[in-house]
Amino acid sequence: MNKLTYLKKTIYNQGKNDFYCDLNFLSEINKIAKLKGKTVLDIGCGEGRLLTLFSLIGKAKYCWGLDSAEGIGSGLDILDLFKRHIKVLGLKNIEIINEDIGNYESGNKKFDVITAVYSLHHIIKTRKNFLKDENLKKEGIALFSKIYHLLNKKGVFVIYEASKHDLKGYSKFYRKLLKASFVNYKSKHTAREYSALLKKSGFQKVYTKYYFRSYYLNKFKWVFSTPIINFFINNHYFIFSIKK
Ligand SMILES: C[S@@+](CC[C@H](N)C(=O)[O-])C[C@H]1O[C@@H](n2cnc3c(N)ncnc32)[C@H](O)[C@@H]1O
């Protein structure tokens with residue numbers, strides 16, 4: 001079976017729209033952190049949705065997927081699924097690290113790009129505003145400083161999160177309507193909160209890009225893909241943080 005057909009059938013569960021969205025997502029990351037020939041650490045990698053694309057299409061040099069796999073935000077067998085994808089796809093440049101980011105020690109290893117996609121809100125569990133609580137602020141800065149030190153010079157840390165707008169209760173309706181599984185289902189912090197902590201953690205350049213998913217295969221895509229409508233359905237953001 002063709003590798004991309006395998007991905008569509010397994011990770012994307014026939015959700016073709018999600019697959020095309022992820023290709024677009026990859027090109028957004030490539031604009032800032034060109035993946036070709038780079039080393040990547042994905043924190044909270046899950047079943048490897050991104051790393052398989054980074055390796056197959058982004059031509060990353062080597063990828064490490066780190067996940068505690070404790071059933072937080074995904075199933076307990078998530079890394080077994082990832083292992084199976086790596087085996088079937090014959091990917092020799094992906095390695096799995098079954099570890100909590102809080103305990104992770106890399107030795108002397110550093111990375112060109114580090115990503116955290118939908119995982120930060122699981123790692124720092126609170127919904128409280130970081131900036132209004134000194135202990136939380138310290139916790140956030142400790143995590144981001146650790147990530148800063150894991151990066152090579154000119155390295156980029158990419159965060160991708162949903163906004164605080166919560167459509168969890170309506171997700172079945174939206175999924176049916178949009179034939180796509182990504183809606184604003186859960187999130188805890190604004191880009192402003194994360195950005196303030198990232199700047200205090202050593203990153204010299206931090207900027208946010210709001211990102212609207214497209215509904216390529218929906219016949220009403222021209223409505224759903226407009227920024228105002230999309231804001232209510234699917235309002236996500238990237239934060240790119242650069243180490244000089
Ligand atoms: C919602 S899933 C996102 C998976 C993947 N990034 C994606 O977009 O498909 C969040 C992942 O973060 C992982 N996770 C949660 N807390 C973690 C921690 N402290 N250290 C490492 N991984 C963690 C979970 O096991 C889960 O697989």
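The values are calculated or read from the model by the stated rules, or taken from the named source; none is laboratory data. Because the structure is a prediction, the values reported are computed rather than measured. Note that each Cβ is placed from the backbone with ideal geometry, even for glycine, and that neighbours are counted across all protein chains shown.
Inside region 107-148, can you point out the residues that are surrounded by 15 or more Cβ atoms within 10 Å (Cβ to Cβ) and among the polar types (S, T, N, Q)?
Thr115, Ser119, Ser145
It is to be established whether one or more residues within region 69-80 are away from the ligand (no atom under 15 Å from the Cβ) and either small (Gly, Ala, Ser) or at negative phi (or both).
No - not one qualifying residue is present in region 69-80.
Taking Asn13 as the residue in question, decide whether it is modelled with pLDDT under 95, more than 11 Å from the ligand (Cβ to nearest atom), on the phi > 0 side of the Ramachandran plot and out of contact with any Asp or Glu (no Cβ under 6 Å at 6 or more places or on another chain).
Yes, satisfied.
Would region 94-117 turn up any residue that is more than 16 Å from the ligand (Cβ to nearest atom) and either within 27 Å of Glu193 (Cβ to Cβ) or among the aromatic types (Phe, Trp, Tyr) (or both)?
Yes; the residues of region 94-117 include at least one that is more than 16 Å from the ligand (Cβ to nearest atom) and either within 27 Å of Glu193 (Cβ to Cβ) or among the aromatic types (Phe, Trp, Tyr) (or both).
Only one of these conditions is not met by Cys63: (1) hydrophobic (A, V, I, L, M, F, W, C); (2) without any contact (Cβ under 8 Å) to a residue 60 or more places away in the chain; (3) near the ligand (Cβ under 9 Å from one of its atoms). Which number is it?
Status for Cys63: all satisfied but (3).
When the residues of region 85-130 are narrowed to those that are of a type in the set (Val, Ile, Thr) and within 21 Å of Glu161 (Cα to Cα), which ends up nearest to the chain's Cα centre (by Cα)?
Ranking the qualifying residues of region 85-130, first place goes to Val117.
Could you give me the residue pairs with C-beta distances under 9 Å whose first residue belongs to region 31-60 and is more than 19 Å from Thr10 (Cβ to Cβ) and part of a helix (DSSP H, G or I), whose second residue is at pLDDT 95 or above and more than 16 Å from the ligand (Cβ to nearest atom) wherever it lies, and which are 6+ apart or on separate chains?
Close Cβ pairs satisfying both conditions: Ile32/Val156; Ile32/Phe240; Ile32/Ile242.
What residue, among those in region 1-25 that are surrounded by fewer than 16 Cβ atoms within 10 Å (Cβ to Cβ) and in a loop (DSSP other than H, G, I, E, B), is nearest to the chain's Cα centre (by Cα)?
Asn13
Hey, which of the strands (runs of 3 or more DSSP E) in region 65-180, taking only ones fully inside, have at least 1 residues that are modelled with pLDDT under 95 and among the hydrophobic types (A, V, I, L, M, F, W, C)?
Correct list: 111-117, 151-162.
Residue-wise test of (1) more than 9 Å from the ligand (Cβ to nearest atom); (2) surrounded by 15 or more Cβ atoms within 10 Å (Cβ to Cβ).
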| site | (1), (2) |
| --- | --- |
| Ser27 | yes, no |
| Ala33 | yes, yes |
| Lys38 | yes, yes |
| Gly46 | no, yes |
| Gly58 | yes, yes |
| Ile86 | yes, yes |
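Residue-by-condition table, conditions (1) closer than 24 Å to His121 by Cα; (2) of a type in the set (A, V, I, L, M, F, W, C):
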site	(1), (2)
Tyr20	no, no
Asn24	yes, no
Ile29	yes, yes
Ile43	yes, yes
Gly46	yes, no
Leu50	yes, yes
Cys63	yes, yes
Leu79	yes, yes
